[in-house]
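Trainee: Have a look at the structure that comes next, please.
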Amino acid sequence: MRTVAHLSDLHFGRTDAKVVAALLHDLQHQRPDLVIVSGDLTQRARSHQFAEARAFLSHCPAPALVVPGNHDLEPLYRPWKRIFRPRAKFHKHLPGHDSMPVWQDESLVAVGLDSTRSLRWKSGALKGAHLDHLESTLDGASSDAVKLVFLHHPPSTASGGHPYEALVEHGIDAVLTGHVHHARVELINGQHGRSLVLVQATTACSTRLREDSNGYCLLRLDCDHMEVAIRGWTGDVFHTVRHHWFEKRAATWRTVPRPHHVFPA
Ligand SMILES: [Fe+2]
Ligand SMILES: [Fe+2]
């Protein structure tokens with residue numbers, strides 16, 4: 001069993017310091033094996049905002065994997081940098097963080113894909129190169145390992161490229177996204193009755209709130225069972241506001257109303 005904390009849309013430059021401190025405290029209490037951040041670490045891709053993001057990642061109680069979001073690319077009002085070096089600051093200020101990171105052990109494979117596009121502001125895409133990268137990464141993976149993909153853009157904001165159903169055919173168990181600042185957990189159905197679980201996190205600690213409060217997703221999973229808890233901010237602490245449980249039978253993930261299998265806390 002692995003525990004993964006899925007954070008998104010930190011937006012350093014527009015954060016609430018009290019929420020940031022409580023978030024780190026909650027992560028330390030939950031003791032994840034891995035922290036995944038699905039993009040928008042900064043508000044405007046400024047150096048001091050990346051420095052704040054890097055400090056936050058260094059305080060996480062587990063290895064942290066990140067992918068860029070649209071806010072982490074040079075803004076459109078700096079057109080030359082946007083076109084020719086859109087991810088320069090991401091790489092400069094987050095050394096050691098590839099924009100397509102991979103985590104792999106005997107129980108878990110997590111692959112980050114960079115869905116941002118330098119000529120678009122809001123929309124992203126799942127491209128053929130992503131699927132090729134995924135295929136070569138998964139080649140050596142154990143068949144018992146649970147397989148996650150994380151990228152900034154959810155299917156509802158992708159335009160062009162491959163539909164996310166293509167991930168089902170690659171044996172992916174869950175896809176973790178952000179961008180719309182709204183928490184959502186649901187099944188994506190592929191062909192032949194196969195499915196995966198879409199986990200979309202709201203903004204973890206920014207004041208750019210839409211209909212949700214701040215929050216993040218805590219996944220406990222093995223190759224047949226998945227529990228997704230939405231940890232929401234109440235004004236004082238993060239606590240579980242919603243639970244989703246899934247079981248996998250014959251390559252198909254299904255929602256289960258009550259857990260047949262409960263992971264140890
Ligand atoms: Fe965002
Ligand atoms: Fe975004």
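Trainee: Would you check if Leu126 is within 16 Å of ligand 2 (Cβ to nearest atom), assigned to a loop (DSSP other than H, G, I, E, B) and surrounded by fewer than 19 Cβ atoms within 10 Å (Cβ to Cβ)?
Mentor: no
Trainee: Report whether or not Ala22 is within 11 Å of the chain's Cα centre (by Cα), touching a residue at least 60 places away in the same chain (Cβ under 8 Å) and either away from ligand 1 (no atom under 13 Å from the Cβ) or surrounded by fewer than 15 Cβ atoms within 10 Å (Cβ to Cβ) (or both).
Mentor: no
Trainee: Go through the range 226-247 and report how many residues are within 22 Å of Gln104 (Cβ to Cβ) and at pLDDT below 95.
Mentor: 0
Trainee: Might you let me know whether the range 135-147 holds any residue that is within 16 Å of ligand 1 (Cβ to nearest atom) and either of a type in the set (Lys, Arg) or touching a residue at least 12 places away in the same chain (Cβ under 8 Å) (or both)?
Mentor: The answer is no, given that none of the residues of the range 135-147 is within 16 Å of ligand 1 (Cβ to nearest atom) and either of a type in the set (Lys, Arg) or touching a residue at least 12 places away in the same chain (Cβ under 8 Å) (or both).
Trainee: Mind telling me which of the residues Thr234, Thr202, Thr255, Thr207 ends up being among the β-branched types (Val, Ile, Thr), more than 27 Å from Pro68 (Cα to Cα) and touching a residue at least 24 places away in the same chain (Cβ under 8 Å)?
Mentor: Thr255
Trainee: While we're on this one: With the requirement that a residue be more than 16 Å from ligand 1 (Cβ to nearest atom), touching a helix residue (DSSP H, G or I) at 6+ places or on another chain (Cβ under 9 Å) and in a helix (DSSP H, G or I), what does the range 65-100 give you?
Mentor: If the condition is that a residue be more than 16 Å from ligand 1 (Cβ to nearest atom), touching a helix residue (DSSP H, G or I) at 6+ places or on another chain (Cβ under 9 Å) and in a helix (DSSP H, G or I), then Lys81, Ala88, Lys89, Lys92, His93 are the ones that fit.
Trainee: Here is a further query. Take the range 1-19 and flag every residue that is touching a helix residue (DSSP H, G or I) at 6+ places or on another chain (Cβ under 7 Å) and within 14 Å of ligand 1 (Cβ to nearest atom).
Mentor: Leu10, His11, Phe12, Gly13
Trainee: Take the range 101-115 and flag every residue that is part of a loop (DSSP other than H, G, I, E, B) and out of contact with any His (no Cβ under 6 Å at 6 or more places or on another chain).
Mentor: If the condition is that a residue be part of a loop (DSSP other than H, G, I, E, B) and out of contact with any His (no Cβ under 6 Å at 6 or more places or on another chain), then Pro101, Asp105, Glu106, Ser107, Asp114 are the ones that fit.
The values are calculated or read from the model by the stated rules, or taken from the named source; none is laboratory data. Just so we're clear, the structure is a prediction, and the values are computed from it rather than from any experiment. Here Cβ is always computed from backbone atoms with ideal geometry, including for glycine, and neighbour counts include all displayed protein chains.
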